[in-house]
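Visitor: I have a structure here, written as structure tokens, and I will follow up with some questions on it.
The values are calculated or read from the model by the stated rules, or taken from the named source; none is laboratory data. Source: prediction; values computed, not measured. Quick reminder, even Gly has a Cβ in these numbers, built from the backbone with ideal geometry, and neighbours come from all protein chains shown.
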Amino acid sequence: MHLKNKVAVVTGGASGLGRATVEKFAKRGCKVAIFDLNAEAGAELAKDLDGDAIFCEVDVSDDDSIAAGIEAAMAAFGAVHICVNCAGRGGGATKTVGREGAFPMKLFRDVININLVGTFSVLSQAAAKMSDNDPDENGERGVIINTASIAAYEGQKGQVAYAASKGGLVSITLPIARDLAYYGIRIVTIAPGLFETPILKGLSPEVKEGLAKGIPNPSRLGDVAEFAALAEHIVSNRYINGETIRLDAALRMN
């Protein structure tokens, strides 16, 4: 699928991986609906893109909020062809059993609800709109991209909730690809390693340098533009479907 003259919904689109994707897609002639809770940053980004984007204040843990955002995208641009899910949260450095006892179940449920359930709610609602699209010359109606993490495979101490949520995204990728094949809709998941996102930007240079030393090649944190470039390629490459792609410079967490 070509990006030009298509419409994309990008969650977490006001910062980090999502923002880089929004900017990349807009440069390629794609209209973008930016879903985020940061109204100031989202509205400013949409304004900077000068008609190529709208901002929708969306809480991905709320099905009705998602539905309102999808309808706003439809009203503004007339269709949804692409959905990129970057919204999510960390799980905190909380162990299964810690100094204060058992893992707090509210935290576990919140992480799963935002990262896994929220992502599925967005993609399923977007896919319903995609299914109504006229197929392109190759029979495609839509493309979905989810964001997991290498923690899905190698979660660290204190990452049980986060790893579970991201592992869930990996696990649903293939069955969704099979479910949506009839409609000509593809789905691919990206599992990033350590990226220069707002969370890591707050770390000291010494800490970042220490993290980079553990990354084989290139030995640095990932650039959000590299995530966006992969997202662009996934949209354009019709034969990538039902797969999770690690984007981690060969990092394997011990």
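Visitor: So, THR197, is that one at pLDDT below 95 and either touching a helix residue (DSSP H, G or I) at 6+ places or on another chain (Cβ under 8 Å) or not small (Gly, Ala, Ser) (or both) or not?
Guide: So THR197 passes the test.
Visitor: Which condition number does ILE66 fail, the rest of (1) assigned to a loop (DSSP other than H, G, I, E, B); (2) touching a helix residue (DSSP H, G or I) at 6+ places or on another chain (Cβ under 7 Å) being met?
Guide: (1)
Visitor: Which numbered condition trips up THR147, out of (1) polar (S, T, N, Q); (2) in contact with a Cys (Cβ under 6 Å, 6 or more places away or on another chain); (3) over 21 Å from ARG246 (Cβ atoms)?
Guide: The single condition THR147 does not satisfy is (3).
Visitor: Do we have any residue at all in region 53-60 that's modelled with pLDDT of 95 or more, of a type in the set (D, E, K, R), crowded, with 21+ Cβ neighbours inside 10 Å and in contact with a helix residue (DSSP H, G or I) (Cβ under 9 Å, 6 or more places away or on another chain)?
Guide: The first filter runs over region 53-60 and keeps only residues modelled with pLDDT of 95 or more, leaving 53-60.
Checking which are of a type in the set (D, E, K, R) leaves us with 57, 59.
In the following step, the residues that additionally are crowded, with 21+ Cβ neighbours inside 10 Å were identified as none.
There is no residue in region 53-60 that is modelled with pLDDT of 95 or more, of a type in the set (D, E, K, R), crowded, with 21+ Cβ neighbours inside 10 Å and in contact with a helix residue (DSSP H, G or I) (Cβ under 9 Å, 6 or more places away or on another chain).
Visitor: While we're looking at this one, here's another question. How many of the residues making up region 152-172 are of a type in the set (D, E, K, R) and surrounded by 24 or more Cβ atoms within 10 Å (Cβ to Cβ)?
Guide: 1
Visitor: If you don't mind, another one. From the residues in region 173-196 that are of a type in the set (Val, Ile, Thr) and within 14 Å of the chain's Cα centre (by Cα), which one is surrounded by the fewest Cβ atoms within 10 Å (Cβ to Cβ)?
Guide: THR173
Visitor: Any idea how many residues of region 126-151 are without any contact (Cβ under 8 Å) to a residue 60 or more places away in the chain and crowded, with 17+ Cβ neighbours inside 10 Å?
Guide: Selection size over region 126-151: 5.
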